[in-house]
């Protein structure tokens with residue numbers, strides 16, 4: 001198991017149920033099998049926009065995942081049923097970064113509009129394709145993105161390279177929705 005991979009979407013088929021007491025996530029509707037694509041050390045995000053939170057996967061069976069901790073989830077939950085999810089290879093240490101804590105969309109500080117925060121694996125091709133958009137980033141690798149609308153109605157996008165990566169690619173992997181493919 002490495003500290004991180006290069007895919008921000010490894011698997012997201014179907015829905016999952018989460019039992020916070022047993023620290024188990026069970027694939028429900030539409031899940032084929034986790035064992036062929038998911039590894040210990042991958043990160044699972046539960047709920048659209050990380051509504052419920054994140055966790056590091058420690059064990060994988062056919063349709064069940066074990067997680068290390070429930071600390072990255074919104075507090076006060078006992079179970080979650082039928083939730084969307086995404087499994088990524090993002091750096092595990094980013095889960096402890098309060099800037100990117102779940103949920104991804106929230107209202108913070110003096111802002112009255114939602115603030116989005118997320119972490120994306122961006123390869124060299126995506127850096128080039130995003131260069132002329134609001135989502136331009138300075139380097140490939142794992143990038144933290146924060147977006148908000150300022151008091152004048154302008155979209156503001158801030159990026160922070162968390163792990164620089166010179167991912168050499170000749171074609172772009174279709175592994176995310178935020179950065180162009």
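The values are calculated or read from the model by the stated rules, or taken from the named source; none is laboratory data. Remember, it's a predicted structure, so these values are computed and weren't measured experimentally. Glycine also receives a Cβ, built like all others from the backbone with ideal geometry; neighbour counts cover every protein chain displayed.
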**Message:** Based on this model, can you work out whether residue 22 counts as modelled with pLDDT of 95 or more and over 19 Å from the mean Cα position of the chain (by Cα)?
**Reply:** yes
**Flag for residue 117 being touching a helix residue (DSSP H, G or I) at 6+ places or on another chain (Cβ under 9 Å), at pLDDT 85 or above and under 23 Å from residue 50 (Cβ atoms)** = yes
**Request:** Search the stretch 138-154 for residues being in contact (Cβ under 8 Å) with a residue 12 or more places away in the chain and over 17 Å from residue 7 (Cβ atoms), and hand back the single one that is surrounded by the fewest Cβ atoms within 10 Å (Cβ to Cβ).
**Result:** 138
**Complete:** Counting only strands (runs of 3 or more DSSP E) wholly inside the stretch 39-118, the ones holding at least 1 residues that are crowded, with 16+ Cβ neighbours inside 10 Å and free of Cβ contacts under 8 Å to residues at least 40 places away in the same chain are 43-46, 53-60
**Request:** Look through 146, 132 and report the one residue that is over 14 Å from residue 53 (Cα atoms), outside the structural domain of residue 55 (by TED's automatic domain parsing) and touching a strand residue (DSSP E or B) at 6+ places or on another chain (Cβ under 9 Å).
**Result:** 146
**Asked** How many residues does the stretch 132-181 contain that are modelled with pLDDT of 65 or more, more than 15 Å from the chain's Cα centre (by Cα) and in a loop (DSSP other than H, G, I, E, B)?
**Response** 16
**Fill in**
Expected single match for more than 22 Å from residue 156 (Cβ to Cβ) and in contact with a helix residue (DSSP H, G or I) (Cβ under 6 Å, 6 or more places away or on another chain) among 54, 85, 93 is 54
**Message:** Please go through the stretch 6-37 and give me each residue that is part of a loop (DSSP other than H, G, I, E, B) and buried (at least 17 other Cβ atoms within 10 Å of the Cβ), ordered by number.
**Reply:** 6, 7, 8, 9, 10, 15, 20, 31, 34
